[in-house]
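Undergrad: Pasting a structure below so you can have a look.
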Amino acid sequence: EEAGIDLVGGDTSSTPGPLTISITALGLVPQGEALLRRGAVAGDRICVSGTIGDAALGLKVLRDPRLASRWGLSDEEGAFLTERYRRPSARGALALPLRRCGRAAIDVSDGLVGDLQKLCRASGVGATIEAARVPLSAAAAKAVATTPELLAELLTAGDDYEILVTMKAAHCQPFEAEAQQQKVKVSTIGVIHPGDGEVAVLTEGGAPLELGRKGFTHF
């Protein structure tokens with residue numbers, strides 16, 4: 001207020017250095033076409049780009065390299081996971097397909113389930129996702145096969161930086177086709193239903209999957 005400026009964002013972090021660069025990019029979209037968290041409606045399908053959980057596994061491997069061999073991963077697969085943590089892929093190529101097909105969207109930075117819950121609360125709906133439909137990389141699938149309890153953790157871990165979007169069922173196939181043209185994998189993982197912001201995750205047998213938490217909480 002004293003400086004006469006509006007604060008529109010910030011980055012709170014700590015590091016021993018030697019250098020940190022923080023960049024904020026602002027842009028414009030046509031009026032009425034911004035894709036927000038609050039647009040989801042009952043009946044929408046839930047889609048997500050890329051694969052989930054690689055970054056969380058990559059961080060684990062960086063902290064304890066022995067885990068890679070314990071999960072049966074090759075050196076290349078271990079390196080893939082750590083690279084996914086250190087250098088996440090931006091999904092800018094999906095911008096136009098998202099605008100054409102999506103109703104509501106959020107980036108998956110604090111965990112798939114937790115970020116979906118934020119979207120649902122903003123939209124005043126609930127959601128159900130099928131754990132078996134959540135896309136995993138070959139390396140992550142190997143890790144989960146050897147340590148099944150990892151799956152719940154991967155669904156709630158952060159740093160994926162994928163895009164979670166809801167859309168009409170009829171838009172899923174065109175969206176997937178457009179994403180494929182941009183060489184981005186997209187998966188349909190669940191459905192939006194009436195509710196008050198809660199998210200249910202079901203196993204292949206239809207039972208609720210027990211989660212220790214929904215996602216990372218900043219404050």
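Undergrad: So which residues in the range 99-120 are over 22 Å from residue 197 (Cα atoms) and surrounded by fewer than 21 Cβ atoms within 10 Å (Cβ to Cβ), if there are any at all?
TA: 99, 100
Undergrad: Residue 168 - would you say it is more than 13 Å from the chain's Cα centre (by Cα), within 30 Å of residue 65 (Cα to Cα), among the basic types (Lys, Arg) and surrounded by fewer than 19 Cβ atoms within 10 Å (Cβ to Cβ)?
TA: No.
Undergrad: Give the number of residues within the range 169-183 that are under 15 Å from residue 99 (Cβ atoms) and in a loop (DSSP other than H, G, I, E, B).
TA: 1
Undergrad: Can you find a residue in the range 30-42 that is surrounded by 24 or more Cβ atoms within 10 Å (Cβ to Cβ), out of contact with any Asp or Glu (no Cβ under 6 Å at 6 or more places or on another chain), modelled with pLDDT of 95 or more and not aromatic (Phe, Trp, Tyr)?
TA: Yes, the conditions are met somewhere in the range 30-42.
Undergrad: Residue check, residue 72 against (1) surrounded by fewer than 23 Cβ atoms within 10 Å (Cβ to Cβ); (2) among the small types (Gly, Ala, Ser); (3) within 13 Å of the chain's Cα centre (by Cα), all met but one. Which one?
TA: Answer for residue 72: the failing condition is (3).
Undergrad: So, one more: Can you tell me how many residues in the range 179-200 are surrounded by 19 or more Cβ atoms within 10 Å (Cβ to Cβ), touching a Pro at 6+ places or on another chain (Cβ under 8 Å) and either farther than 18 Å from residue 92 by Cα or charged (D, E, K, R) (or both)?
TA: So the answer is 1.
Undergrad: Checking the condition in a helix (DSSP H, G or I), of a type outside the set (Asp, Glu) and closer than 24 Å to residue 179 by Cα, which residue from 68, 95, 79 passes?
TA: Result: 95 is the single residue among 68, 95, 79 that is in a helix (DSSP H, G or I), of a type outside the set (Asp, Glu) and closer than 24 Å to residue 179 by Cα.
Undergrad: Right, another one. Return yes or no: is residue 142 closer than 21 Å to residue 83 by Cβ, assigned to a helix (DSSP H, G or I) and of a type in the set (Lys, Arg)?
TA: yes
Undergrad: In addition: Which residues, taken from the range 44-65, are in contact with a helix residue (DSSP H, G or I) (Cβ under 7 Å, 6 or more places away or on another chain) and part of a loop (DSSP other than H, G, I, E, B)?
TA: 51, 52, 53
Undergrad: Looking only at the range 115-143, how many residues end up being in contact (Cβ under 8 Å) with a residue 12 or more places away in the chain, under 24 Å from residue 58 (Cβ atoms) and aliphatic (A, V, I, L, M)?
TA: Final tally of qualifying residues: 10.
The values are calculated or read from the model by the stated rules, or taken from the named source; none is laboratory data. Computed from a predicted structure; not experimentally measured. Note that each Cβ is placed from the backbone with ideal geometry, even for glycine, and that neighbours are counted across all protein chains shown.
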